[in-house]
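Peer 1: One structure, pasted below without further comment.
The values are calculated or read from the model by the stated rules, or taken from the named source; none is laboratory data. Just so we're clear, the structure is a prediction, and the values are computed from it rather than from any experiment. Here the Cβ is made from the backbone with ideal geometry for all residues, glycine too, and neighbour counts use every protein chain on show. Accessible surface areas use protein heavy atoms only, side chains included; no ligands, DNA or RNA. Shrake-Rupley method; radii C 1.70, N 1.55, O 1.52, S 1.80 Å.
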Amino acid sequence: MKPALFEYHAPTTLNAVIELLARYQGNARLLAGGQSLVPMMNFRIVSPAAIIDLNRIPDLAYIRTESGVVRIGAMTRQRTVEFSPIVAEQLPLLAEAVKHIAHLPIRSRGTIGGSIAHADPAAELPMVLQALEGEVVARGPAGERLIKAADLFKGLLATSLADDELIVEVRLALMPGRAGFAVEEFARRRGDFAIAAVAAVVERAGERCTKARLATAGVEPASARLTAAEEILERNGLGDSAIEEAAATAAQMVSPLCDHQASAEYRRHLTRVLTERALRRARSVH
């Protein structure tokens, strides 16, 4: 199939983008990498009145460190993130997660901001944003505002972004040097969307777990934190029994999707298995 007719705009400034978003009052779509948007348009899942192409705005692609935070421009390609020495050194969880995204041609075109704004529940980057307690910078007619990961994702392909706003930057605090981390994912084939995935970050002081962060992808309508499981680890440490209890709690607290890929109960089972695997691996990272 081919998309319905639409108007095409290729602005060269952010102000022009915001003016166009306001003009179309929610009936325009932003084109970043296009890896999700174009297929959806071809199948007429979405039929916007206009496409606003962001690829001619040069200032939206960068990776830099500032005041203990890695700042990544929204139009930074996923492949750039994958091979960034800054990301490898300062955000190893992101470096691991991005390798799970689809295939090389997809990562070469897809962008970090586009994936997060699209909010596909099976995508890895929203999960990482949750696990690292990151935030995005959104820009609209009133200027810029920061949106924390916990406040960004509202449901299936839904975010708290207004119709006249766009993500311009992703901000992630540097991971502590001795933080343990892991991404565990289950998909039918390498490169397919995750049926379920779990990202884990743990910090420890001796036998104590001082901080634990767990987030999902593919399990529920939106990426979510497994806060009750985190609390078990912070209270009981990272021993085998605590990890098993946290994994069981994670499985019970989710409200899994049921679709042609997997039943809700299978996703619940995967949540437990992947949480346990991720925590055991994260525990061993020094």
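Peer 1: By a straight-distance test (C-alpha under 15 Å), which aspartates and glutamates pair with K211 as possible cross-link partners, with residues fewer than eight away in the same chain excluded?
Peer 2: Result set, ordered by chain and number: E133, E203, E230, E231, E234.
Peer 1: Right, something else. Using a 1.4 Å probe and counting only protein heavy atoms, arrange F43, F186, F153 so the residue with the most accessible area comes first.
Peer 2: Sorted descending by solvent-accessible area, the residues read F43, F186, F153.
Peer 1: Show me the trypsin sites (Lys or Arg not before Pro) within region 149-231 that DSSP assigns to loop and that have at most 12 other Cβ atoms within 10 Å of their Cβ.
Peer 2: In loop regions of region 149-231 (DSSP not H, G, I, E or B), the sparsely surrounded trypsin sites (Lys or Arg not before Pro) are R178, R188, R189, R190.
Peer 1: Give me a comma-separated list of calculated 3J(HN,Hα) values for region 149-163, in order, Karplus coefficients 6.51, -1.76, 1.60 applied at θ = phi - 60°, integers in Hz, x for any Gly or Pro.
Peer 2: So the Karplus estimates, Gly and Pro as x, are 3, 5, 9, 8, 8, 10, x, 4, 6, 10, 10, 8, 5, 6, 4 Hz.
Peer 1: What's the local net charge at S47, with K and R +1, D and E -1, over the other residues with C-beta under 13 Å away?
Peer 2: My count for the surroundings of S47 gives +2.
Peer 1: How do I86, I52 rank by accessible surface area computed with a 1.4 Å probe, from largest to smallest?
Peer 2: Ranking I86, I52 by accessible area, largest first, yields I86, I52.
Peer 1: Quote the Stokes-Einstein diffusion coefficient, in whole µm² s⁻¹, for region 161-257, based on the Kirkwood radius over alpha carbon pairs, a temperature of 37 °C and a viscosity of 0.692 mPa s.
Peer 2: 218
Peer 1: For the chain, find the longest principal axis of its Cα atoms and tell me its angle to the long axis of helix 264-284, 0 to 90°, nearest 10.
Peer 2: That helix lies at roughly 70 degrees to the long axis.
Peer 1: Using a probe radius of 1.4 Å on heavy atoms only, what accessible surface per residue do you get for the chain? Whole Å² is fine.
Peer 2: Per-residue value: 46 Å².
Peer 1: Note the full-extension length gain between H269 and N236 as 0.36 nm times their separation in residues minus their Cα-Cα distance, in nm to one decimal.
Peer 2: That works out to 9.6 nm of additional length.
Peer 1: How do the peptides 267-273, 140-146, 257-263, 119-125 rank, highest first, by the average count of neighbouring beta carbon atoms within 10 Å per residue?
Peer 2: 119-125, 267-273, 257-263, 140-146
Peer 1: Follow-up question, since we're still on this one. Quick one: which residues, 5 or more positions from L31 or on another chain, have an amide H under 5 Å from its amide H? H modelled 1.01 Å from N in the peptide plane, none for Pro or chain starts.
Peer 2: I52, D53, L54
Peer 1: Could you work out Rg/(2.2 N^0.38 Å) for region 44-134, with Rg from alpha carbons only?
Peer 2: Ratio of Cα Rg to 2.2 N^0.38 Å: 1.11.
Peer 1: Kirkwood hydrodynamic radius for region 140-184: how many Å is it when counted over pairs of different Cα atoms?
Peer 2: 13.3
Peer 1: While we're here: Return the Cα extents of region 1-91 along principal axes one, two and three, sorted largest first, each rounded to a whole Å.
Peer 2: Between the extreme Cα coordinates on each principal axis of region 1-91 lie 45, 30, 18 Å.
Peer 1: If you don't mind, another one. Within the P(r) computed for the chain, what percentage of the Cα pairs occupies the region above 23 Å?
Peer 2: Tail of the P(r) past 23 Å holds 54 percent of the pairs.
Peer 1: Show the residues, 5+ positions off or on another chain, whose built amide H is closer than 5 Å to the amide H of T159.
Peer 2: So T159 has HN proximity to K154.
Peer 1: Size of the dipole of region 160-209 about the Cα centre, Lys and Arg at +1 and Asp and Glu at -1 on the beta carbon, nothing else charged, in debye to 20?
Peer 2: 460
Peer 1: Oh, and also: Shape call for region 56-192 from the C-alpha gyration tensor, a ≥ b ≥ c root eigenvalues: rounded (a/c under 1.5), prolate (a/b greater than b/c) or oblate?
Peer 2: Because its axes are fairly even, with a/c under 1.5, region 56-192 counts as rounded.
Peer 1: If amide hydrogens are placed 1.01 Å from N in the peptide plane, which non-local residues have theirs closer than 5 Å to the one on G110?
Peer 2: The answer is Q78.
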